[in-house]
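Colleague: Handing you this structure, nothing more for now.
The values are calculated or read from the model by the stated rules, or taken from the named source; none is laboratory data. Note that the structure is a prediction, hence the values are computed from the model and not measured. In this analysis, Cβ positions are derived from the backbone assuming ideal geometry, glycine residues included, and neighbour counts consider all displayed protein chains.
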Amino acid sequence: MLLIYCPHCGEHRDEEEFHSKGQAHIARPLDPDNCTDKEWGEYLFFRKNPRGLHHELWIHATGCRKFFNVTRDTVSYEIKEVYKIGERPSVVATAS
Ligand SMILES: [Zn+2]
């Protein structure tokens, strides 16, 4: 059983309470009305699928229902850190 720390609840909870929502730190285009279809499509649909350390957005779906970020090794599944939205990660992602 994998335990994941929720920074909002302040405790480790079972992984089944959480859902990964994919890549973190995706910047919304500043002026969506003036994006090309290619730029808007890349923002909506294209994500990295890295091997190594990666920043991901997660939600504590059956707990507090709040979002937070995780730095996780996609090879070993080891979670290196969790941090709230708006905070900066202390572990640098190595995956590209
Ligand atoms: Zn929580």
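Colleague: Does Leu30 fit the bill of being in contact (Cβ under 8 Å) with a residue 60 or more places away in the chain and not basic (Lys, Arg)?
Modeller: no
Colleague: Just one of (1) β-branched (Val, Ile, Thr); (2) away from the ligand (no atom under 16 Å from the Cβ); (3) not in a strand (DSSP E or B) trips up Thr62, so point out which.
Modeller: If we test Thr62 against (1) β-branched (Val, Ile, Thr); (2) away from the ligand (no atom under 16 Å from the Cβ); (3) not in a strand (DSSP E or B), just (2) comes out false.
Colleague: Filter the range 15-39 down to the residues that are part of a loop (DSSP other than H, G, I, E, B) and touching an Asp or Glu at 6+ places or on another chain (Cβ under 8 Å), then identify the one that is surrounded by the most Cβ atoms within 10 Å (Cβ to Cβ). Working first, answer last.
Modeller: Initial filter on the range 15-39 (part of a loop (DSSP other than H, G, I, E, B)): 18, 24-31, 35-36.
Next cut, touching an Asp or Glu at 6+ places or on another chain (Cβ under 8 Å) only: 24, 29.
Working: Ala24: 20, Pro29: 13.
Among those that are part of a loop (DSSP other than H, G, I, E, B) and touching an Asp or Glu at 6+ places or on another chain (Cβ under 8 Å), it is Ala24.
Colleague: Test Tyr77 against the criterion of being at pLDDT below 95, under 19 Å from Thr94 (Cβ atoms) and among the aromatic types (Phe, Trp, Tyr), and give yes or no.
Modeller: yes
Colleague: Tell me, which residue of the range 71-87 that is assigned to a loop (DSSP other than H, G, I, E, B) and not β-branched (Val, Ile, Thr) is surrounded by the fewest Cβ atoms within 10 Å (Cβ to Cβ)? Walk me through it before giving the result.
Modeller: Of the residues in the range 71-87, the ones assigned to a loop (DSSP other than H, G, I, E, B) are 74-78, 85-87.
Subset that is not β-branched (Val, Ile, Thr): 76-78, 86-87.
Numbers: Ser76: 8, Tyr77: 9, Glu78: 11, Gly86: 6, Glu87: 12.
Looking at residues that are assigned to a loop (DSSP other than H, G, I, E, B) and not β-branched (Val, Ile, Thr), I get Gly86.
Colleague: I would also like to ask the following. Of everything in the range 71-96 that's among the β-branched types (Val, Ile, Thr) and under 13 Å from His8 (Cα atoms), which residue is nearest to the ligand (Cβ to nearest atom)?
Modeller: Ranking the qualifying residues of the range 71-96, first place goes to Val82.
Colleague: Oh, and also: Only one of these is closer than 15 Å to Glu78 by Cα and over 17 Å from the mean Cα position of the chain (by Cα): His55, His12. Name it.
Modeller: Exactly one residue qualifies, and that residue is His12.
Colleague: Shifting gears a bit: Among the residues of the range 1-27, write down those that are within 16 Å of the ligand (Cβ to nearest atom) and among the polar types (S, T, N, Q).
Modeller: Answer for the range 1-27, where residues must be within 16 Å of the ligand (Cβ to nearest atom) and among the polar types (S, T, N, Q): just Ser20.
Colleague: Also, I was wondering about something else. Looking at Leu30, is it within 16 Å of the ligand (Cβ to nearest atom) and at negative phi?
Modeller: So Leu30 fails the test.
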